[in-house]
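Peer 1: Take this structure, written in C-alpha cells, and hold onto it; I'll ask about it next.
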Amino acid sequence: MNIKIYLSSIFLTWALLACNQQKATDEGVAATLREPDFAGFERAYAPRTFDFPADHGPHPDFRDEWWYVTGNLDGPNGQRFGFQITFFRHGLKRGKPNRASQWAGQDANMAHFALTDVEGKQYTSFQRISRSGVGLAGAQTEPFKVWLDDWRMEASPGGGFPWHFKASQAGIELDLKLDPRKPPVLNGNQGLSQKSAEPGNASYYYSITRMDAKGMLKLSGKDIPVHGLAWLDREWSTSMLADYQAGWDWFSLQLDDGTDLMFFRLRHKDGSDDPTSSGVLIAQDGQSSRLAREEVLIEALGSWESPAGGVYPSGWRLTIKPTNRVITIHPVLADQEFRHDARYWEGAVDVLDAVSGKPTGRGYVELTGYAPGKVERSGQ
Amino acid sequence: MAILARANRRHFLRHPLQLLLAIIGVALGVAMVVSIDLAAESTHRAFSLSMEALTGRYTHHITGGPSGLPESLFTRLRVEEGLRETAPAIEGYVTVNDGSTLRLAGFDPFSERNLRSRFVKAARGDDAVRLLTEPDTVMLSAVTGQRLGIRPNDPMAITVNGQPHQLKVVGYVEGDEAPDPALEGLVLADIATAQELLGRIGVLDRIDLILGNSPAQERQIRSLLPPGIELESVAGRNSATQNMTAAFELNLRAMSLLALLVGTFLIYNTMAFSVLQRRELLATLRIIGATRGQLLREILIEAALLGLFGGVLGLAFGVLAAKGLLHMVTRTINDLYFVLTVTEFMPDPLILLRGLALGVAAAVIAALGPALEAAWASPLASKARSGVENRARRGVPWLAVGGILSMLIAISLLQTESAGLVPAIAGVFLLLLGYGLLTPLMLLGFAWSTLVLARLSNTWLLRLAVRGVAASVSRAGLAIAALTIAVAVSVGVGTMIESFRGTIAEWLDQILQADIYIAAPSTAARYSPPLPNGLPEQLGRIDGVDKTGTGRRIIISTSLGESELLALDPPYLNQPGFRFKQADGKVVWSTFPTMKAVFVSEPYAQRHHLKVGDSFELVTDSGPITLPVAGIFFDYRSDQGLIVMHRSLYDRLWKDGANTSVGLYLKAGFDLEKIRQEVGLILSSQQQPLVVRSNREIRAASLDTFERTFAITQVLRLLAVGVAFVGILSALMAFQYERRRELAVLRATGLTPAQAGWLVLLQTGFMGLTAGLLSIPLGLAVAVALVRVINLRSFGWTMDLAVSLPPLFAAITLAVFAALLAGLYPAYQVMRVEPSAALREE
C-alpha cells in the first residue's frame, strides 16, 4: 500500500499535464478516481506465483506500477536523515505501439525524491516526470534497472543485490547501496492485496522490509557518509479508490528487536475503516504473519496543519494485539508533506515503547486524502 | 472672438467642397504614413511573437547540420549528464487546403513541463494523452482553427513534403482559454508524430535548454557535442533571423517617410488654400477691429481642428489599408526570408497617436505661414494678390540656391561608399527636396520659353494661360513641385523595377543551363527537402538525357553566422554557371571541380565584407574548416547570400549523400516533352512527390515571385501618385479660385465661356506638362540612386540600369492627365459663373 493508487489516478489530470489550479478541486480528484476505463489493462483477480528477481522488473500489462524505497539514515556525527525515492510507471495505453518513431511510447513516468534533515529541521522534495521513449525513463528486468533522467536504481554489475540508487537535484545528492537482510514478503493473500470489495480492485504487492542502506549524501556542499535501514515496496495493479474511500494511513516500522511491521488503514469518507485494511508482521528470521484489521488499534495523538491547508494526524499509539505490544509513533519533523502535483504526507518517524517511553525503532508513515489539491513546488 | 469663429465657420459652410478637400488632404497624408507604419510594425511584432511562442523560456539551443542531430544525444544529455531543463524540438511546414503554410512543431509534453514554456498549456488532460498515444493527432492554434473552420475532433487534411496526410485535431492549443494571436499558424504535435509526419525518424532539429549564466557549463556541453552540432544562445539566433529582414523593413520605413513627405505637402496645400481663400474676409475682420493675435490664434485653432478631423479619418483609412499591406508584406517575407505564420493585425496605439499628432502638427505648421501672412499684412494690402506674388518671386532664386545645396549634399551622401543605408535613403530624400525647391525657378524658365514659342505661333490664349501661371508662382510652384516629386518617384521606382527584372531574366538564363529540373516541392523559404536516394542516377539513364547535374542546398553554420550553402556538380565546365564579378568567369569555372575553396554570391560578399582571397570558417560534419573565397558571382536568389562549393568538396566535408535538385541536360534533337513524360513515369514510382519543371517554367515562376515581391512597391508607388493627385487638385482649385475675378473681367471684356474653360484647362495642362517634363530627370536620378546605391546597400546586389522610353512618356501623360482632371471642375465653374456675379464680389 502506498501513495501510488492515488497518484496513478491523478497522473492523467495533473501530474503529466500541468493544468490550472481551479481544476484541482475535490470534485476533480473524486471524478478522476472513479474513472471506470481500464484501457484494456489486466487486473489483479487472484493470487499469482512470484518469481524473483524477475518480478523486481516491470509488469507492463498492468496500468500502474511502482518501486518505492524509504529509510532512516545516520551520519558520522549523530546526524539523522530520512529519505524517500519512488519511481512510478503509468501506462497510458496497453501494448507496444506500432510506430516508426522511438519517441512513441505508452508510458508516463514519474519519480519523487525527498530528504528529511532532522538536525537542520528541513524537509526537501522533488518531483520529475518523463515519457519512456528513447530511454529517458523506464524499467527493465535483465539486469534490473529503473530510472528517470539521471535518477536511477539498478542491480549491481552481477545482476543481483546490492542495488545501487542515485538521485540528485538542487545540490542534494543521495548515493546508496541497498542490500536486503530479509527475503521479500508477499503482502495480503499471497501477494494479492485487496483494495476494496470489488474483484480486481487489488494489487500484487511485495516488500523487502529490511535492507542495509549505506552510501554518501551530499548536502549543503558537504559529503556525509550515511548508513541505516531502508524498506522496499513493490506494487502493480490496475485499480483505484472506490468512491466511498477517502485515503489511507500507512505504517512501515523497523523495530530494534529485528521485527518489522507494515499496516495500512483504508479510510472511508464517513470516517470508518475499510474491511480490507490489514498488515503484516515480519519476524527477525523473515517469517511473516498477517495482521487483520481488528488486530491493530490505531489512535492519533495529535494533529498538524499544512501551511497549504489540510489537517493531518501527527503521532499515534499502536496497539498490536497478537503480540500484546503497545508503541507510540512520533514524526521526526512535523512538516514532511510532499507538495507537488500530488499532496501527501510521507515522513520519517521514531517508534517508542508506550510503557517505558524508550526508543524501540524507526520507520516511515504515509498519509493521504487529508489535503486534496495541488500546490506548486512549495515543498522545496 | 465669437464673430471671428462664426465668420470662419460660415466660410466653410459656404464652401463645403473646400472643407472636404482639406479634411481629405489631411486624412490621406495621415493614412499613408499610418498604414505603412502599422504594416511594418505588425510584421515586426508578429516575428517577435512567433519566435517567443516557439522559444519560450529557453536560453540556448543545440542545433545540427542538414541531417539534424541524433535523438540519442538528447537521451545522453538527460540521463547521463542530468541536464533536466532540456526539450527536444522538430519543426517543419505543412500546407493546408487553402494554400497557406502552417508551422508544424513537434514537442515533448513532459519535457516542456520542466521548462514551463508556452506549450505547457497544450500539454494537459486527455488531449495530451491522445497526442501521446494516437498517431497523426495534433493540436491547432485556435485562431488558425477558426480561420480554417476546423474544430476540435475534426479531421484536417494537410500536405507535408508534397504528400497528403489526414490529421486528427484533438483540440486547440489554447484549450478553453482565449485564442492567442501569437500561436497563429501553429500545428502542435507530439514529437513522435512530428518525426513520422516530417520523415525525420531518429533525429531532432533542435534541443532547447535553459542554462544558467555559466561559461563553464556551456563549455562542458560543447565538449559533449559531435562535430557539426552547435550550442548557441537563443538571443543570438533570434537576432540573426531578424537581421535578415532589417534592410527590407528599413526600405518599408523609407517608403513611409516618403508618404510623410508627400502627405505634408498635401496638408500644406490644403491649409494654405483655405486661408488664402479667406484673405479678404480676414482683412475685413482686421479692419473692423480683430487683432493680429486673435486672427492668428483663430486660424491655428481651426487648422488644428481640421488636422484632428482629417487625422481621425486618416487613422480609419490607414488601418484599413494597413490590413491589405500587411498581407503583402507577410507574403514577401515568406517568399524571401522565413515563414511568418502570425498574420494577426496588431494596431499599435503609439503609431496611431503618432499619426494623429502628425496630422495636427502638419496642419498647424502648414497654416502658420499663410496665417502669419494674413495676420501681419496690412488689411488693405492683403486684398491685393500682387504683394504676395512679388515677394514670392523675389524668393525664387533663394529657394533655388537652397535646392542646389541640398542636392549637392544628397549626391555626396549617395556617393560615399562607406556610408550605410540610412544616409543613402536620406540622400534620396534630400535629392527630392532639393529638386522641389528648384522647381519654381525651373517653372519660370519653362514658362518663359513657352511664351517665346507661343508668341511665335501667336496663340494668345496659351500666352494668357502661361503668363497666368508664371504670375502666381507661389501657388503654382508648390503644386507643380508636389506633382513633380510624386511622378519622379514613380518613374524612379518603375525604372528600378524594370532594371531589376531585366537583370534577373538575364541571370536566370545564365544559371538555368539544364533543360529539365527535378526537386521536391519546397514548403518554406530557405528549406529544401532532399530527394530520394539514387534518383539522379536513375534519371540519367533515360534515353535522350546526355548528362545530369545535382545540387544540394542546406543551411550551415559559419564564422559569419548561419549561411546557405549550395553544393553543385555541374556536368559541363565550358559554360560558367555564374557570371563572376571580378575574375574571368571561364578560368575560374574551369578550376571549380578541383578547388578547395568556395564561391560566394555578391550579396553574401557585401553583407560580410568579403573580397576574393579572403577566408572564413565553415562548420562541417568533420569539424570546422577555413576556406578561401575563389570568386564572387552575381546572384539574386537571396539577399542573405549564398556559398557555393563543388559537390566533391562537400562530400569530403559532410556525411550527407542527399541531393535537393537534379538537372537533366538533353542530347540535341530529343523532344523535351517526351523525356519529361519518362521522367514523370520514374517519379510516379517514388514515395515522395516531386516537381518536374523545364528551365522555361522555372524562369517564369521566378519572375512571378519577383513580381510578387515588388507588388508592395508598386502599390506604394501608386499611392504616392494618388496623394499627389489630390494635392494638385486642391492646389489648382485654389489657383483658379484666386483668378476668378480676373476671369470675370476677361469674360466681361469678351471671352466666351468656352474660351474661359479652355483657358483654365490650358493653365492646368501647362502645369501638368511642366511637372511631367521636370519629373523625368529627377526620376532618372532617383532610379540611379535606387539601383546603384539603395539596392546595393540594402540587399547587396548590383544590376544593370535599363531605361526604356515608354514609362517616361507614361509619366508625362500621367502628369498632364492628372492636372487636366484636376482642372475639369474649376473649368466647369468658370464657364458657368456669370461675370457680373463674380465681379459683384468686389
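Peer 1: Taking the stated definitions as given, is B:V803 within 26 Å of the chain's Cα centre (by Cα), in contact (Cβ under 8 Å) with a residue 40 or more places away in the chain and surrounded by fewer than 18 Cβ atoms within 10 Å (Cβ to Cβ)? It would help to see each step written out before you state the result.
Peer 2: Numbers: within 26 Å of the chain's Cα centre (by Cα): yes; in contact (Cβ under 8 Å) with a residue 40 or more places away in the chain: yes; surrounded by fewer than 18 Cβ atoms within 10 Å (Cβ to Cβ): yes.
In short, yes.
Peer 1: Could you list, in sequence order, the residues of segment B:76-101 that are in a helix (DSSP H, G or I) and either away from chain A (no Cβ under 14 Å) or buried (at least 18 other Cβ atoms within 10 Å of the Cβ) (or both)?
Peer 2: Those that are in a helix (DSSP H, G or I) and either away from chain A (no Cβ under 14 Å) or buried (at least 18 other Cβ atoms within 10 Å of the Cβ) (or both): B:L77, B:R78, B:V79.
Peer 1: Select from segment A:113-148 the residues that are among the charged types (D, E, K, R) and either within 16 Å of A:A348 (Cα to Cα) or touching a strand residue (DSSP E or B) at 6+ places or on another chain (Cβ under 6 Å) (or both) and list them in ascending order. Quick ask: steps written out before the conclusion?
Peer 2: Just the residues of segment A:113-148 that are among the charged types (D, E, K, R), to begin with: A:117, A:119, A:121, A:128, A:131, A:142, A:145.
Within segment A:113-148, A:D117, A:E119, A:K121, A:R128, A:K145 meet the criteria.
Peer 1: If you check A:A155 against the conditions, is it hydrophobic (A, V, I, L, M, F, W, C), out of contact with any strand residue (DSSP E or B) (no Cβ under 7 Å at 6 or more places or on another chain), surrounded by fewer than 22 Cβ atoms within 10 Å (Cβ to Cβ) and in contact (Cβ under 8 Å) with a residue 40 or more places away in the chain?
Peer 2: Numbers: hydrophobic (A, V, I, L, M, F, W, C): yes; out of contact with any strand residue (DSSP E or B) (no Cβ under 7 Å at 6 or more places or on another chain): no; surrounded by fewer than 22 Cβ atoms within 10 Å (Cβ to Cβ): yes; in contact (Cβ under 8 Å) with a residue 40 or more places away in the chain: yes.
No, not satisfied.
Peer 1: Checking B:E842 against (1) in a helix (DSSP H, G or I); (2) modelled with pLDDT under 80; (3) more than 29 Å from the chain's Cα centre (by Cα), which test does it fail?
Peer 2: If we test B:E842 against (1) in a helix (DSSP H, G or I); (2) modelled with pLDDT under 80; (3) more than 29 Å from the chain's Cα centre (by Cα), just (1) comes out false.
Listed here are the residues, each with its yes/no results for (1) within 21 Å of A:G105 (Cα to Cα); (2) modelled with pLDDT under 95; (3) touching a Phe, Trp or Tyr at 6+ places or on another chain (Cβ under 9 Å); (4) within 11 Å of another protein chain (Cβ to nearest Cβ).
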site	(1), (2), (3), (4)
A:E142	yes, yes, no, no
A:W147	yes, no, yes, yes
A:G160	no, yes, yes, no
A:S168	no, yes, yes, yes
A:D175	no, no, yes, no
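Peer 1: Can you tell me which residue among B:A822, B:A785 is crowded, with 20+ Cβ neighbours inside 10 Å, closer than 30 Å to B:F634 by Cα and in contact (Cβ under 8 Å) with a residue 40 or more places away in the chain? Talk me through it step by step, then tell me what you get.
Peer 2: Numbers: B:A822 fails: closer than 30 Å to B:F634 by Cα.
After ruling out the rest, the residue left standing is B:A785.
Peer 1: Can you tell me which residues in segment A:79-119 are without any contact (Cβ under 8 Å) to a residue 24 or more places away in the chain, out of contact with any Gly (no Cβ under 8 Å at 6 or more places or on another chain) and of a type outside the set (D, E, K, R)?
Peer 2: A:N98, A:A100
Peer 1: Kindly check whether there is at least one residue in segment B:456-467 that is surrounded by 22 or more Cβ atoms within 10 Å (Cβ to Cβ) and either within 24 Å of the chain's Cα centre (by Cα) or within 25 Å of B:L778 (Cα to Cα) (or both).
Peer 2: Step one: list which residues in segment B:456-467 are surrounded by 22 or more Cβ atoms within 10 Å (Cβ to Cβ), which gives B:465-466.
Imposing the further condition that a residue be either within 24 Å of the chain's Cα centre (by Cα) or within 25 Å of B:L778 (Cα to Cα) (or both) reduces the set to B:466.
For segment B:456-467, residues surrounded by 22 or more Cβ atoms within 10 Å (Cβ to Cβ) and either within 24 Å of the chain's Cα centre (by Cα) or within 25 Å of B:L778 (Cα to Cα) (or both): present.
Peer 1: Could you check how many residues of segment A:61-89 are within 14 Å of another protein chain (Cβ to nearest Cβ) and more than 28 Å from A:L253 (Cβ to Cβ)? Write out each step before concluding.
Peer 2: Of all residues in segment A:61-89, those within 14 Å of another protein chain (Cβ to nearest Cβ) come to A:63, A:87-89.
Still in the list and also more than 28 Å from A:L253 (Cβ to Cβ): A:63.
Residues that pass the stated criteria total 1.
Peer 1: Which count do you get for residues in segment A:136-160 that are out of contact with any Lys or Arg (no Cβ under 9 Å at 6 or more places or on another chain) and not polar (S, T, N, Q)?
Peer 2: Looking only at segment A:136-160, we keep the residues that are out of contact with any Lys or Arg (no Cβ under 9 Å at 6 or more places or on another chain), and these are A:140-144, A:147, A:157-160.
Narrowing further to those that are not polar (S, T, N, Q): A:142-144, A:147, A:157-160.
Within segment A:136-160, residues that are out of contact with any Lys or Arg (no Cβ under 9 Å at 6 or more places or on another chain) and not polar (S, T, N, Q) number 8.
Yes/no per residue for (1) β-branched (V, I, T); (2) part of a loop (DSSP other than H, G, I, E, B); (3) under 22 Å from B:G64 (Cα atoms):
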| site | (1), (2), (3) |
| --- | --- |
| B:Q575 | no, yes, no |
| B:V588 | yes, no, no |
| B:M595 | no, yes, no |
| B:A605 | no, no, no |
| B:G613 | no, yes, no |
| B:R637 | no, yes, no |
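Peer 1: For segment A:112-131, state whether one or more residues are within 14 Å of another protein chain (Cβ to nearest Cβ), under 21 Å from the mean Cα position of the chain (by Cα), surrounded by fewer than 23 Cβ atoms within 10 Å (Cβ to Cβ) and farther than 26 Å from A:R362 by Cα.
Peer 2: yes
Peer 1: Another question, then. Just name the residue that is surrounded by the most Cβ atoms within 10 Å (Cβ to Cβ) out of those in segment B:1-39 that are in contact with a Lys or Arg (Cβ under 9 Å, 6 or more places away or on another chain) and at pLDDT 75 or above.
Peer 2: Among those that are in contact with a Lys or Arg (Cβ under 9 Å, 6 or more places away or on another chain) and at pLDDT 75 or above, it is B:V34.
Peer 1: Scan segment A:90-101 residue by residue and report those that are surrounded by fewer than 24 Cβ atoms within 10 Å (Cβ to Cβ) and either at the interface with chain B (Cβ under 7 Å from one of its Cβ atoms) or among the β-branched types (V, I, T) (or both).
Peer 2: Answer for segment A:90-101, where residues must be surrounded by fewer than 24 Cβ atoms within 10 Å (Cβ to Cβ) and either at the interface with chain B (Cβ under 7 Å from one of its Cβ atoms) or among the β-branched types (V, I, T) (or both): A:L92, A:K93, A:R99, A:A100.
Peer 1: Considering every residue within segment B:631-643, establish whether at least one is in contact with a helix residue (DSSP H, G or I) (Cβ under 6 Å, 6 or more places away or on another chain) and more than 23 Å from B:F580 (Cα to Cα).
Peer 2: Looking through segment B:631-643, none of the residues is in contact with a helix residue (DSSP H, G or I) (Cβ under 6 Å, 6 or more places away or on another chain) and more than 23 Å from B:F580 (Cα to Cα).
Peer 1: Which number in (1) touching a Pro at 6+ places or on another chain (Cβ under 9 Å); (2) part of a loop (DSSP other than H, G, I, E, B) marks the one condition that B:G212 misses?
Peer 2: For B:G212, the exception is condition (1).
Peer 1: State whether one or more residues within segment A:195-204 are out of contact with any Phe, Trp or Tyr (no Cβ under 6 Å at 6 or more places or on another chain) and within 18 Å of A:I224 (Cβ to Cβ).
Peer 2: Scanning segment A:195-204, I find no residue that is out of contact with any Phe, Trp or Tyr (no Cβ under 6 Å at 6 or more places or on another chain) and within 18 Å of A:I224 (Cβ to Cβ), so the answer is no.
Peer 1: Given the criterion farther than 20 Å from B:L512 by Cα, surrounded by 14 or more Cβ atoms within 10 Å (Cβ to Cβ) and more than 31 Å from the chain's Cα centre (by Cα), identify the matching residue among B:L653, B:L560, B:L568, B:L610.
Peer 2: Details: B:L560 fails: more than 31 Å from the chain's Cα centre (by Cα); B:L568 fails: farther than 20 Å from B:L512 by Cα; B:L610 fails: more than 31 Å from the chain's Cα centre (by Cα).
None of the others qualify; the one that does is B:L653.
Peer 1: Can you name the condition, by its number, that A:L136 falls short on among (1) surrounded by 22 or more Cβ atoms within 10 Å (Cβ to Cβ); (2) within 26 Å of A:W250 (Cα to Cα)?
Peer 2: The failed condition is (2).
Peer 1: Checking the conditions here, which among B:A658, B:A668 is touching a residue at least 40 places away in the same chain (Cβ under 8 Å) and in a loop (DSSP other than H, G, I, E, B)?
Peer 2: On the way: B:A668 fails: touching a residue at least 40 places away in the same chain (Cβ under 8 Å).
Answer to the selection: B:A658.
Peer 1: Go through segment B:176-208 and count every residue that is within 11 Å of another protein chain (Cβ to nearest Cβ), within 18 Å of B:D126 (Cβ to Cβ) and in a strand (DSSP E or B). Steps first, please.
Peer 2: To start, the set of residues in segment B:176-208 that are within 11 Å of another protein chain (Cβ to nearest Cβ) comprises B:176-177, B:189-204.
Still in the list and also within 18 Å of B:D126 (Cβ to Cβ): B:176-177, B:189-190, B:192-193.
Next, from what is left, pick out any that are in a strand (DSSP E or B): B:189-190.
Counting residues in segment B:176-208 that are within 11 Å of another protein chain (Cβ to nearest Cβ), within 18 Å of B:D126 (Cβ to Cβ) and in a strand (DSSP E or B) gives 2.
Peer 1: At pLDDT 90 or above, over 23 Å from A:W151 (Cβ atoms), within 13 Å of chain B (Cβ to nearest Cβ) and surrounded by fewer than 16 Cβ atoms within 10 Å (Cβ to Cβ), is that true of A:A46?
Peer 2: Taking the combined requirement at face value, the residue does not satisfy it.
Peer 1: Filter segment B:117-175 down to residues that are among the polar types (S, T, N, Q), in a loop (DSSP other than H, G, I, E, B) and at pLDDT below 90, then give me how many there are.
Peer 2: Step one: list which residues in segment B:117-175 are among the polar types (S, T, N, Q), which gives B:117, B:133, B:137, B:141, B:144, B:146, B:153, B:159, B:161, B:163, B:166.
Restricting the remaining residues to those that are in a loop (DSSP other than H, G, I, E, B) gives B:117, B:141, B:153, B:161.
After this cut, where a residue has to be at pLDDT below 90 as well, the list is B:117, B:141, B:161.
Qualifying residue count for the region: 3.
The values are calculated or read from the model by the stated rules, or taken from the named source; none is laboratory data. Note that this is a predicted model, so its numbers are computed, not measured. Every residue, glycine among them, receives a Cβ derived from its backbone with ideal geometry; neighbour counts consider all protein chains shown.
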